[in-house]
Each structure stands twice: as structure tokens, then as C-alpha cells.
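*Asks:* The following block contains the structure, expressed as C-alpha cells.
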């Protein structure tokens, strides 16, 4: 095929003929005269060395060649349009839209309240629908299905090219007990840590967490007294019992029982935890979702 001299108007004419199945309607669709559309059809037939469209009592019929070309040409025109046309500017104050978010427990507790407050500030027509994320990989499934626009949680276990990510916040572990704990009078060393009975936060219900993994590397074990599925309940339980817990700092600091707690650096090395903003590649250029991602990243950076 000779592409010399071809222009996009020919492909636009072909796409219009496919959709309208009528030369006159196709001409009106792209804003040209009927003779101009007929001339475009003639050029298309020469270009592809095929009749492409055959007249019938029910309109134009596509030849096998035209059927093969229809979808690729349509997709190519859409991609060119997206690349060349100016992107619409999203105006939250004028918008009426519901964003769907997937949140694991930590960002739902720490980040969601300030996201809601920001939405109230930016526009009356903005609303949120939140889906819980049970495991770090369930966010990928929800994004693939189009159930959510974006997610905030721990990074997926396997990086997927179609899932775009941006780390937006970090947190560190602290060890907490109630302030008047009778067994903790001289700080939190390893001996005291192992002597106490521990609370473990495990959404999956496991009785082996990151603390146990770190202790295992040292050949040590702790005693578990309670396993909880929800981390935000831990500070309140610790404040009213003799249990000790190792939790993320913001969870404890935002608890109503914060002032009742004694806080220590864990006597075993614990990693810093990161939380990612995740979205599907198909939504990357959507103006409203670009705006939302920037708002969430900005809010998270201020924590």
C-alpha cells in the first residue's frame, strides 16, 4: 500500500461510512458535501485496492476487507484525537460526579476523613463511594473490573504494567502499653517486651505477624493474648488492659486513648510501611481522576 499523500480525512470518511452505511449521512456526519464523500470513497477504494462498500436496498454493505479495517481504524482515530485535542479542564465546583475509592483499613482510618472534608470544600456535586480492600492484591482486581477509580493501600505483591502506582505516605511502628502498666517501669527492652502478653492486628486472622517474623530471625517468640482484625481498635484495648501492641504510629496518635498510652520504640527492628495510590492505566489521562489523584497525594503529604 502506498501511504504517500494519505490524510486523516480519508480515515475519518471511512469511519463515518462504516457507522452510517449511507454516503449522504456519512457526509453530514463529517461536515462535507455528498460529492466530496463520494470522492473520498473512490480514493479509499484505490488506496485499499478493494470496493470496501457495496450498495444494497438496506444501505452500504461492508466487504470482508472493510470489516477487517473498521475496528482498527476507529481505534486509531480515537487515539489520534486523544493525543491532539486539548484536554478538557476539570472544574470541581461545577462538576457532578461520584468517585469510587478502594481503601484498606489504614487509609480509611487516617486519610478518608480529610478526603471527605476536601471534597466538601471543592464542590457540592462531588461525592465518594468507598470499597474496602481486604488484601493488597484485591485492589488490582477491583481496578481491572472498573469497580473503583483508584485505590490507596499497600503496594501489590506483583507489579502489573496496567496498574500505575505512586507512593503517597509512610508510617512507622511503635510499641504501646497503658501508662500505668505495672510491668513497664524502666522502658521497653527486649526482656520486658517478651515478658508481656501481646495484641496482634491481623486482618486475615493469622497468629503470626511482622513482629513475629522479626523475632523469629533472632530465635525469639512472643506470647499472644488477643488477635484483632481491625487495627484502629488496638489502642483502646491496650489502654484498658495489660496487653502490649506494636502498631503504626498514626493509628495510635489518632486514637481517643492516645493520652492514656505509653509509647516506645520497638526493641526489634521493624520496617517503615509505605502506602500507594493505585489506578488503572486506562484512567491515567481522565481529567477528573487526575485532579482527584493530585488532591489525595497532596492531602497525604500533609499528614
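The values are calculated or read from the model by the stated rules, or taken from the named source; none is laboratory data. As the structure is a computational prediction, the values presented were derived from the model and not from experiment. All Cβ positions, glycine included, derive from the backbone under ideal geometry; neighbour counts span all protein chains shown.
*Asks:* Have a look at 73, 184 and point out the one that is surrounded by 14 or more Cβ atoms within 10 Å (Cβ to Cβ), in the same structural domain as residue 253 (by TED's automatic domain parsing), in contact (Cβ under 8 Å) with a residue 40 or more places away in the chain and not in a strand (DSSP E or B). Outline the logic, then answer.
*Replies:* Working: 73 fails: in the same structural domain as residue 253 (by TED's automatic domain parsing).
The conditions single out 184.
*Asks:* Still on this structure, I have one more. In contact with a helix residue (DSSP H, G or I) (Cβ under 8 Å, 6 or more places away or on another chain) and either within 13 Å of residue 292 (Cβ to Cβ) or free of Cβ contacts under 8 Å to residues at least 24 places away in the same chain (or both): is that true of residue 172 in this structure? Working first, answer last.
*Replies:* Numbers: in contact with a helix residue (DSSP H, G or I) (Cβ under 8 Å, 6 or more places away or on another chain): yes; either within 13 Å of residue 292 (Cβ to Cβ) or free of Cβ contacts under 8 Å to residues at least 24 places away in the same chain (or both): no.
Taking the combined requirement at face value, the residue does not satisfy it.
*Asks:* So if I check each of 92, 64, which one is farther than 21 Å from residue 283 by Cα and either surrounded by 11 or more Cβ atoms within 10 Å (Cβ to Cβ) or not assigned by TED's automatic domain parsing to the domain that holds residue 288 (or both)?
*Replies:* Numbers: 92 fails: farther than 21 Å from residue 283 by Cα.
So the residue among 92, 64 that is farther than 21 Å from residue 283 by Cα and either surrounded by 11 or more Cβ atoms within 10 Å (Cβ to Cβ) or not assigned by TED's automatic domain parsing to the domain that holds residue 288 (or both) is 64.
Every residue, every condition in (1) at pLDDT 95 or above; (2) more than 16 Å from residue 153 (Cα to Cα), yes or no:
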residue: 230; (1), (2): no, no
residue: 233; (1), (2): no, yes
residue: 237; (1), (2): yes, yes
residue: 262; (1), (2): yes, yes
residue: 278; (1), (2): yes, no
residue: 281; (1), (2): no, yes
residue: 286; (1), (2): no, yes
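*Asks:* Within the range 185-210, count every residue that is in contact with a helix residue (DSSP H, G or I) (Cβ under 7 Å, 6 or more places away or on another chain) and at pLDDT 95 or above.
*Replies:* Result for the range 185-210: 1.
*Asks:* Consider the range 76-111. How many of its residues are part of a loop (DSSP other than H, G, I, E, B) and either more than 22 Å from residue 9 (Cα to Cα) or without any contact (Cβ under 8 Å) to a residue 40 or more places away in the chain (or both)?
*Replies:* Narrowing the range 76-111 to residues part of a loop (DSSP other than H, G, I, E, B): 85-91, 95-96, 104, 111.
Narrowing the set further to residues that are either more than 22 Å from residue 9 (Cα to Cα) or without any contact (Cβ under 8 Å) to a residue 40 or more places away in the chain (or both) leaves 85-86, 88-91, 95-96, 104, 111.
So the count comes out to 10.
*Asks:* Is one or more of the residues making up the range 14-24 part of a helix (DSSP H, G or I), surrounded by fewer than 16 Cβ atoms within 10 Å (Cβ to Cβ), out of contact with any strand residue (DSSP E or B) (no Cβ under 9 Å at 6 or more places or on another chain) and in contact (Cβ under 8 Å) with a residue 60 or more places away in the chain?
*Replies:* We begin by selecting, within the range 14-24, every residue part of a helix (DSSP H, G or I); these are 14-20, 23-24.
From the residues that got through so far, the ones that are surrounded by fewer than 16 Cβ atoms within 10 Å (Cβ to Cβ) too are 19, 24.
Filter once more, so that each one left must be out of contact with any strand residue (DSSP E or B) (no Cβ under 9 Å at 6 or more places or on another chain): 19, 24.
Subsequent filtering for residues that are in contact (Cβ under 8 Å) with a residue 60 or more places away in the chain retains none.
Within the range 14-24, not a single residue is part of a helix (DSSP H, G or I), surrounded by fewer than 16 Cβ atoms within 10 Å (Cβ to Cβ), out of contact with any strand residue (DSSP E or B) (no Cβ under 9 Å at 6 or more places or on another chain) and in contact (Cβ under 8 Å) with a residue 60 or more places away in the chain.
*Asks:* A further question follows. Would you check which residues across the range 165-181 are under 15 Å from the mean Cα position of the chain (by Cα) and either assigned to a loop (DSSP other than H, G, I, E, B) or surrounded by 19 or more Cβ atoms within 10 Å (Cβ to Cβ) (or both) and list them?
*Replies:* If we filter the range 165-181 for residues that are under 15 Å from the mean Cα position of the chain (by Cα), which is where we start, we get 165-169.
Selection gives 168, 169.
*Asks:* A further question follows. Might you check whether a residue that is more than 29 Å from the chain's Cα centre (by Cα), exposed (fewer than 14 other Cβ atoms within 10 Å of the Cβ) and assigned to a strand (DSSP E or B) occurs anywhere in the range 28-49?
*Replies:* no
*Asks:* Just need a number here: residues in the range 138-164 that are loosely packed, with under 15 Cβ neighbours inside 10 Å, in contact (Cβ under 8 Å) with a residue 12 or more places away in the chain and either farther than 19 Å from residue 289 by Cβ or out of contact with any helix residue (DSSP H, G or I) (no Cβ under 6 Å at 6 or more places or on another chain) (or both).
*Replies:* The number of residues fulfilling the criteria is 6.
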